[in-house]
Amino acid sequence: MCHQTVSLVARYLEANGIPTVVFGAARDIVEHVGVPRFVHSDFPLGSPCGEPHNAAQQREILEIGFKLLERAFVPRTTVQTPFKWSGGDAWKDLIFTQAQPFLDAEDEKAWLERKEHYRKLKAEGKR
Amino acid sequence: MSSPVRYIDRIREYYLPLYNNPYKWAHYEDAPFTPLKKPLAESRVVLISTSEITARDTAREEGDDRQSGGGVYTIAADVPADQLYTPTPSFDKHATTMEDVGAFYPTSALHEAVESGRIGSLTKRFHGVYNAYSQRHTRERDLPEVLKRCREDGAEVAVLTPV
């Protein structure tokens, strides 16, 4: 949902005259929405700007975004950063699987409660 | 290099046992495009995030209008990274950590870019948008509010980071 929200913000700002660049990990979601400029790092959700505690890599990824701002000439331009996740790719097989729940039970409960609250508001015509 | 995760498919399968009605993700055929109006070295940059970034000193925050879904809030741009954290559970906790905010909220790197002259300046405030299940809520209420705050601060370029 984060990647969708950010993509919607990027589109709106851009349509109103502010150039944007999105740094993201969920490539399919950002490209499904469609944004002007996108820097994709093939990293786990939570680390769209580089690996934790790797400030040099984070700076390099930001610089790729700056260059994209300067050089992109059409919308939907995606740049794939050259970095590989140092812990390997095993996380890709496990994310959002029943073998490895994305949220623990407490987080899931809070999320479902917020969702239910939204449904009630919608049913009452407030949303 | 293996292919990126197909989150839309993965999430649909993951939640199918719970919901018969898969989420309809926002989708557009076209995308807007605004070229830079002047060099980055002369441009004022704003950072916008969905990371629920939070200042340990809450006096540095303003306008937190978090609703049951969505909402926009603002945080001073000069809060040092070591004074920031995120309470969000929405990340791959099995693969990464939110200990280093630079991995999802590049405030330190942006300040360095100002010091080196790579970008002109930063806005006084950065902004956060809470995720909403309702795209209508995001589109009709949150997006105009983000734009308003960006314009108030004279933002000329936006850097956006999801978690």
Which listed residue, of A:V21, A:V6, is hydrophobic (A, V, I, L, M, F, W, C) and either in a strand (DSSP E or B) or more than 7 Å from chain B (Cβ to nearest Cβ) (or both): A:V21
If you scan segment A:15-30, which residues turn out to be farther than 11 Å from B:Y7 by Cβ and in contact (Cβ under 8 Å) with a residue 24 or more places away in the chain? A:P19, A:V21, A:F23
Within segment A:67-111, the count of residues that are without any contact (Cβ under 8 Å) to a residue 40 or more places away in the chain, touching a strand residue (DSSP E or B) at 6+ places or on another chain (Cβ under 9 Å) and part of a loop (DSSP other than H, G, I, E, B) comes to 1
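Out of B:A103, B:A95, B:A132, which single residue is modelled with pLDDT under 95, touching a Pro at 6+ places or on another chain (Cβ under 9 Å) and either of a type outside the set (D, E) or surrounded by fewer than 21 Cβ atoms within 10 Å (Cβ to Cβ) (or both)?
On the way: B:A103 fails: modelled with pLDDT under 95; B:A132 fails: touching a Pro at 6+ places or on another chain (Cβ under 9 Å).
Selected residue: B:A95, the only one of B:A103, B:A95, B:A132 that is modelled with pLDDT under 95, touching a Pro at 6+ places or on another chain (Cβ under 9 Å) and either of a type outside the set (D, E) or surrounded by fewer than 21 Cβ atoms within 10 Å (Cβ to Cβ) (or both).
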Any hit, segment B:30-40, residues being outside any strand (DSSP E or B), in contact with an Asp or Glu (Cβ under 6 Å, 6 or more places away or on another chain), within 22 Å of A:G65 (Cα to Cα) and modelled with pLDDT of 85 or more: yes
Note on segment B:146-163: residues more than 7 Å from chain A (Cβ to nearest Cβ), out of contact with any His (no Cβ under 9 Å at 6 or more places or on another chain) and in a helix (DSSP H, G or I) are B:K148, B:R151, B:E152
Kindly provide the set of residues from segment B:2-29 that are more than 21 Å from B:R139 (Cβ to Cβ), assigned to a loop (DSSP other than H, G, I, E, B) and more than 7 Å from chain A (Cβ to nearest Cβ), ordered by number. B:S3, B:L16, B:P17, B:L18, B:Y19, B:N20
Counted residues, segment B:72-97 - those being assigned to a loop (DSSP other than H, G, I, E, B) and in contact (Cβ under 8 Å) with a residue 60 or more places away in the chain: 4
Anything in segment A:24-39 that is facing chain B (nearest Cβ under 7 Å), under 17 Å from A:L68 (Cα atoms) and not charged (D, E, K, R)? List them, or say none. A:G24, A:G34, A:V35, A:P36
I need the full set of residues from segment A:29-66 which are buried (at least 18 other Cβ atoms within 10 Å of the Cβ), of a type in the set (D, E, K, R) and assigned to a helix (DSSP H, G or I), in order please. A:E31, A:R59
Take segment A:59-74 and flag every residue that is in contact with a Phe, Trp or Tyr (Cβ under 9 Å, 6 or more places away or on another chain) and farther than 16 Å from A:V35 by Cβ. A:E60, A:I61, A:L62
In segment B:106-145, residues that are more than 24 Å from A:H40 (Cα to Cα) and more than 7 Å from every other protein chain (Cβ to nearest Cβ) total 14
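The values are calculated or read from the model by the stated rules, or taken from the named source; none is laboratory data. Because the structure is a prediction, the values reported are computed rather than measured. Glycine gets a Cβ as well: all are built from the backbone with ideal geometry, and neighbour counts include every protein chain shown.
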